[in-house]
Structures are given as C-alpha cells and as structure tokens.
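The numbers here are math on the coordinates, done by the rules we state, and not lab data. Since we're looking at a predicted model, the values are computed, not measured. Neighbour counts run over all protein chains shown; Cβ positions are idealised from the backbone, glycine included.
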C-alpha cells in the first residue's frame, strides 16, 4: 500500500458510535454509508441507533452558485476538446491562452457573486461559508493564473517578468482602492496613506501612476521640488521591456543596467537624504532587498516580494532561474518560524516548474476535483504533461477527469454534464458511463427519453434494452399497455412484446372484447416485432373484418392464422369457436378445402394429450364444443361440395 | 445579434412569456421558468428590466429574478392564468400518482394530459374537475393544444394525433390521424394562429410534420428538422410565416417560409432539398388568398429556410417561447437564453 502524503483528518459523525459500538461502512460512488453495527466490545447489549449516515466529502456540488461554475466550465471544456489537432502550434497557443482566460473569468464571476451573497447574508454561519468558498476560489484563480503565465503562455525571459507583474497586480487589488481614496481626498499629500500608496505603486512597477501621485506632493513644497523632480526623472526613465518592439533582450539589459547605475549614484550622493520616504523609494529602485523586505505589510505575500525583487534586480530573468529566487524569497519573507501554508507550497512548486507536484498538492488540498481536472486537461492539450502511467492504466488527465465526472454523476441534476466528460476519456470513459447511466432514477418519461437518447447516441444497446424494460414493466404494472408496447418497440424487445400481447389476449379471454383498440388497430409495421404481437394484430383485424361483414376475407384470415401456426395452441379452440358463426351462415363462406383444413385443425387439437387437471365440467364443455363444431363443419362441407359441384348455367 | 445567456443553477424544463395585452405594441418583459430534476424544483419569474435607458439600442441586461416558489416534482408545463389553484391527484395510476405531461389553457378553461392517458378539463374558478376522459389513450399523451373553443388535439407516444370534442358525450376521439410507417412518438404540437386546420407536430426522431386536420390521414409535409427529439414547436403568434423548434440535440431553429408573390398556385410539389415531401390530394375549392404558405409547396416559389438561433451547441434545449420580437428558451445546461430582436 502506498504511503499517505498527508495525515487524514478525523471527521466526527454526530449520533453514531456511542456506547462503544463499532461502525460499519460501505463505499458509494461519491459518498460513504456509515451505520452502527451490533458488535460491541464490552458492556450490556442495548439498542443502537437505527440511522444510516451518508458522509459526503464534496459539499460544493450542492451550492447553487458553484453550479454555474460547473455548467459554464463544461461548455468551455467541450469547446476545448473540439480544437483540431492540425492547427499550427503558434495559433493553438493563443487559443489555449484564451481558453484559460475564459476559465478564469468564469471563476471570477462566481467569486463576485459569492462575495455579494456573503455580504448580504443574514445568517452568520452562511456568511462564513460563503466567505470560505470565496477564499478557496481566490486561491484557485491565483494558482491557475500562475500556471497560465508559466506553462501555457510560457513567456520567455523579458516578457516573463511583465506577465508576473500583471499576475501580482491582479491579485493585489486594494492598491487601486487606496490610491483612489488618496487622490480623491481634499489634500492628497497630507493623507496618512499617501506614502504607502506611492511605495505600493512603485513596488508593483506602476511608475506612471506613482509619478502622478507624487506630483501632488511636488506642487506643495516648492523648495524641495528639485528633489521631487529628480525622483520623477528616475521613475520616468525606468526602462520597461517591450516584447513586440524591435529592442532585443540584450539591448534592454544594457539600458537597464545604465538606469540602475544612475539610481545607485543618486543613492550614494545622498540626493534624497532630505526626505526619508524618497530615500526608501530610491533604495527600492536600486533593489536593496532589506528595504524591500521592510515593506512587508504593503507586500503582504512572499510572491509579491519575489516579483518586486526580480523587477529591481533581475528584470531579464529566465524561466529556469526562477525557482532559486522563489525559494529564497519565501524563506526571507516568511522567516524561520512560520511554516509555509499549502498554498505557498503549491506556488513554489509552480515556480519550480514541477507540474505534477502542483497537481498533486491541489488534489489533496481541495475537496472537489473540478480545478485539477480542468487544469490538467488544459495542460494536457498543451502537451505539457509527460505520459505518466498510473497503476491502473490510464494517464493522469483521464484519471482526474473520470474522478470529477464520477462525482458529478452522484448529483441528482448535474449528471448530464458528466456524460460529456466521460465521452472525452478514451480509455475508461465508456465503461464508467455504462455502469453509471443505468443507475439514474427515472421518475418521468421525459427523463427516461433523455437518458435513452444518450445511450442510443453511443450505441449502448445493453443499457437501452434494460432501461426500456424498466419503463415497460412499470407501464405494464400501471395497466398502460400502449406505453409498454411503445417502450418495447423502442428497445426492439421481442420477448417483452410477446408478454404484452399475452396480456392483451388474457384480457380478451376474460372480458370477451379487446381493450385499447386505438393501439391494436394502428400497430403498423411494429406488428412484426414478435409472433404473438403479429397474431394479436391479425386477430383484431379478423374481428374488424367480421364487424364490417366482409366474411370471406375474415374466413381466409382466420384459417391462415391457424394453418400458418401463428396462433398459439391454447387459443385454437377460441379461434374455432369464432369460426362457428361463419360456418352457420346461410351462404357458404368456407370452401371445401378450407373446411377440410378446419377439420384437420380440430382433430389435431383433440388428439393432443388431455390435461389431467380439467374437471368433469370443463371436459363436458369441451366435448360439447367439439360436437357442435364437428356438426357445423360437416354441414358446411356438405353445402360447399354441393355449391362447388354445381355448374352455373 | 446573439442572444444573452443567464445561468440560473437549475435545469429548465419550461419557459413562457407573460402575455402582454393585445392592444399595446409592447415587447414582453417578464417570463416564467420552471425547473426539473432538482431535489426541490422551483417556478421562477424573471424580468428583463427597463430598456429605455440604453442609448445605443443594445439590450444587454441580464434577466433579474423577481420571485420564485417551490414546486413538487418536475415542472412539466407552464401557462399564464389569472387565478391560482391546485388540483391534487388529477392524474394518477391505480396505486401511484402519474406525471401530468402538458397543460393548455384558454381562459377560463384548462385542459391537462398525462402519462396515465387521461384528458382532464377544468375551469379556473371551480375546484372540481369539469370532465375527465378516462382511458383516452393507452399510451402517454405528450402534448395538447386547443383547436377550437371546445376541441382539443393531443399527441401521444405511438405517433397519433387525436381530436377530442368536449361537446360530445362519448369518450372516444372525434378523429385520429397518424403517420403510416413507423410509429414514432410525437412530443409537441402547435396550431397555426390564424388557420385552425393547420397543425405542426414534432417527434422523437426530430421530424417536423405539418398536418391539415380536415383532410386525410397523413401529414402534408415532413421535414427533417433535428437529429434528436424535438421538444417544442411554436408558430409565431402574430407572424405565422415563422416557426420555431427546439430539440434534444441542443439546437433551436427558426423556420421561415419565403413565399413568392404568386400565392394562387396550389401545386403540391416538393420543397427544397432539405425537406421530404409527403403530399396529399390538392385542396379543391380553397379560397386562393387564404392559402397558407405552409400548405402550398411549389419549390421555386415557396422555400423553407432554417437558421440556428443559439451561438453554439449546448445541451438539450427543452423549451422555447416567442412573443412579438422576443424569444426565450431554456436548456439542460441550466442557462436561459433571451433574444430580443428576432427578425420576424
């Protein structure tokens, strides 16, 4: 057995396991059933709790707002699978990046809605639940964004830092709010957060905005305006790499070093000694790590520290070198005593370009497979995952997507989404779907029709047959013979159609007339599904022909039913009895040959082994009927012979 | 223009516009949506909001929820009424409740049909049902529509259309129509708004059939509309040259007959290549000017064009409703799509 990565946390089940009773459990598709057994270690026997507990790991699936996440991401997922293989890779990369952004915008939309609900919720526990979900989604979006920058977009040196700056800016949005607050106040320069805002903007590399805020100060103090002008020039001249421009990375590097020396010179000259804030800023510009570290409160996270540090020391950082700085930044920021959180470890693994570790840690930390399944699928499309065969044969992407889809299938409503996910798992998807789809509860016909359509589209004939049989059996139990028949026609289930026909015939024998004539009269080609059904249809047709007084046709039909052996043996007596009125007509309907055939049928019936269970009364009735028939047949024969022997003059 | 989508966290089984008063040329703004397959289903009313404030003519407000209420079981059908009442156990089997599959109302009368094969007539203000046609059908009745004030038309799962006249005392249908050949279940039916003898049905195989109920036993034309069950078919109430269908295969089609100027030709030739024609005898003595373009089929003069209304393939579109220039539809992907500038 594998080693456990993380110690599992115990979960308390209320009202179970008291009085030292043992608990038994059983795995379900997405949850666990727990119950109290009768086994007790010690003490007298007493009645235990009769409850069965359903333990579910994933509560997110029941949240109505997160349902939107599942649905919208399902659309994006299906769209992603449809991207053609033969498109050149450069175009594909931009497509993948836009798909990644789509996913992220969906996450953000959900987050905003959850945030609104958290604020407006009246129930305290509900508000905190929403708050938890918001923070989880925030973390997810952070990780996803970083993966997009590092893996999907795979920016080279130069633009890598620009993307990382964007990433940090997106996730530290309070700077904008504070800057707005300061600028809109009456005297911005006197605002208490003024310098915090300026420094935060510098830390994020937003030089233009920092200059704009600084200019408010410069207008006040005329005497030190030269110092401010100097700072303004420094900030303005900071070179920023333009990936679409003609400047190469080395040219940029030269320019940047030039500027760096300029800043250093300012620092050595003590140009900004008069104003300690400006002194701090110039130290940051020079890339002094201790000064940057002092701004811990403004930075608030170690990855912000990392990016700022790189901005002012190594703007031309190459992706493989990233992880040295990441590790050291984290250590410097967090200090020796604070252990890193799971999120920090995941981000560090991302900086180290260890994709599998990222996925693994995310799987453990989150209680829902949504994030890892979709991210892994996208990375797999970018061909970034090496084929990593797991013990049970499928690759990582398929495993995660299958787990996610199986979780969806346990939901009473979201199972329809899961079908598409199974479709795109080439190795095991079909098997999973076959097993799961039969277990969906079918309350209405409409739901059954939808499930059947899913099965038929995928040629799952076993499942089609089984579902149709369930629906037909239910219809039969409710005496809806027409429905039952239409279900068995859909499944092409001859055996069931025979069963239904037997039921009809039974009804006929009991009541003397057919029920559901609208069905029987309009069977159409469905009649051919089973022999019994064909007989039923033809028998009904016989009755109709008789009702319309088309006797000769009716007679021919009746005879063919017996001679062609379509009619079941047990009903031959009934058929012959039906022939009786035809034989008794004034006109001769049955010809000589036909009468001979009828006679032979009757004899065949009588020479069959007698059922020993028949009572004397039954035997009497039988023999009376036979006598009547024999008499009628004989009379008819006589008349027919005479008629056929007569020459018409 | 693309329709706006709104995800409402429940699979939608029916959407219906709240009817606008006939005289005012208003666009409908409020619609109702019913959910299905949830542990607790809801009927919710949504409003599209004020569109006067938009200066650039873009209607891109999302629908806002006005109110919703719980519903026992899946919401199978919605119709607008001014009174509210519950008729318990109207549809039932001998030991269980049976799903009621469709409801149609023409105030103050209501007709409902269900999986138990009953047709039940109610009056909106009476607690007792007015009339029950027991065993109207041996199979499930999927949809119903009013033909005239006292006549309804039902479609069932063995492919038959049955006309019922409530003035007659007997419990048997006045007329039965069906396709020869395979008995494909029919799921939806709609009557032409001006001409009561023209009826459109949609079935399990996605075929759209146009019938003339006065004549013959077979449909007038068969059109291969969709690749899966067609859930709803609607004639546009004010401009009946337009027809809308939605289906399990995730598409919503807008059909338009573009008839030529010469409407007096009554020749029943084939339509364009998309369509399989199954024409009956020519209608004799028909008033030329009243002939609907749905029945007259000269391929050079009358063509049928279909356009997809939804931007991409979604899960099944379960329901749609059109009123004036607005279309609303609901899907199994838990999204409601609203299109406010239909080209009708």
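Using only Cα coordinates, the Kirkwood hydrodynamic radius of segment A:185-286 works out to 14.5 Å. Annotation: the residues A:138, A:602, sorted from fewest to most other C-beta atoms within 10 Å of their own C-beta, follow the order A:138, A:602.
The equivalent ellipsoid of the protein assembly as shown has semi-axes of 75, 35, 26 Å, largest first, where each one is the square root of 5 times an eigenvalue of the Cα gyration tensor. Here residue A:357 and residue A:313 are evaluated by their C-beta separation; at R0 = 45 Å the FRET efficiency comes out at 0.95. Give me the orientation-averaged projected area of the Cα convex hull of segment A:547-596, in nm², one decimal. Over all viewing directions, segment A:547-596 projects a mean Cα-hull area of 3.6 nm².
Computed from the C-beta positions of residue A:277 and residue A:184 and an R0 of 22 Å, the FRET efficiency is 0.55 to the nearest 0.05. Averaged over the residues of B:30-39, the number of partner chain Cβ atoms lying within 10 Å of the residue Cβ comes to 3. Max-minus-min Cα coordinates of segment A:88-237 on each principal axis give 55, 53, 16 Å, with the largest extent listed first. Distance between Cα centroids, segment A:432-458 to segment A:519-580: provide it in whole Å. Result: 37 Å between the Cα centres.
Fully extending the segment from residue A:297 to residue A:635, taken as 0.36 nm per residue of separation minus the present Cα-Cα distance, adds 110.0 nm. Please work out whether segment A:256-343 counts as rounded, prolate or oblate from its C-alpha gyration tensor, where a ≥ b ≥ c are the square roots of the eigenvalues and a/c under 1.5 means rounded, while otherwise a/b larger than b/c means prolate and anything else oblate? The shape class here is oblate. Ratio of Rg to Rh for segment A:81-120: 1.29 [Cα atoms; Kirkwood radius as inverse mean 1/r over pairs]. Inter-chain Cβ neighbour count for A:477-490, averaged per residue, equals 6 (cutoff 10 Å, partner chain atoms only).
Within 10 Å of the Cβ of each residue in A:67-76, the mean number of Cβ atoms contributed by other protein chains is 5.
Ranked by the mean number of other Cβ atoms within 10 Å per residue, highest first, peptides A:461-471, A:117-127 order as A:461-471, A:117-127. Computed with the Debye formula from one identical point scatterer per Cα of segment A:507-625, without solvent, the log10 of I(q)/I(0) at q = 0.14, 0.19, 0.20 Å⁻¹ comes to -0.67, -1.16, -1.25. The order of A:94, A:406, going from fewest to most other C-beta atoms within 10 Å of their C-beta, is A:94, A:406. Label positions at residue B:239 and residue A:166, each projected 7 Å from the Cα along the C-beta direction, are separated by 4.3 nm.
Each peptide in A:583-592, A:303-312, B:148-157, A:99-108 gets a packing score, the mean of other Cβ atoms within 10 Å over its residues, and the list from highest to lowest is A:303-312, B:148-157, A:99-108, A:583-592. Computed packing ranks the peptides A:375-383, A:621-629 as A:375-383, A:621-629, most packed first, by mean other Cβ atoms within 10 Å. Relative to the longest principal axis of the Cα atoms of chain A, helix A:207-220 runs at roughly 40 degrees. Computed from label points 7 Å out along Cα-Cβ, the spacing between residue A:265 and residue A:90 is 4.1 nm. Calculated mean residue ellipticity at 222 nm for chain A: -20500 deg cm²/dmol, from DSSP H runs with n ≥ 4 weighted as -39500 (n - 2.57), summed, divided by the residue count and rounded to 500. The length gained on full extension between residue A:586 and residue A:618, counted as 0.36 nm times the residue separation minus their Cα-Cα distance, comes to 8.4 nm.
When all C-alpha to C-alpha distances in segment A:357-503 are sorted into bins of 5 Å, what percent of pairs does each bin hold, rounded to whole numbers? Once binned at 5 Å, the Cα pair distances of segment A:357-503 give 2, 9, 17, 17, 14, 11, 9, 7, 6, 4, 3, 1, 0. Computed from label points 7 Å out along Cα-Cβ, the spacing between residue A:345 and residue B:175 is 7.6 nm.
Rounded to the nearest 0.05, what FRET efficiency do residue B:39 and residue A:599 have when you use their Cβ-Cβ distance and R0 = 45 Å? Computed FRET efficiency for residue B:39 and residue A:599 comes out at 0.10.
By other beta-carbon atoms within 10 Å, ranking A:27, A:302, A:259 with the fewest at the front produces A:27, A:259, A:302. In segment A:567-608, one over the average inverse separation of all distinct C-alpha pairs is 10.9 Å, which is the Kirkwood hydrodynamic radius.
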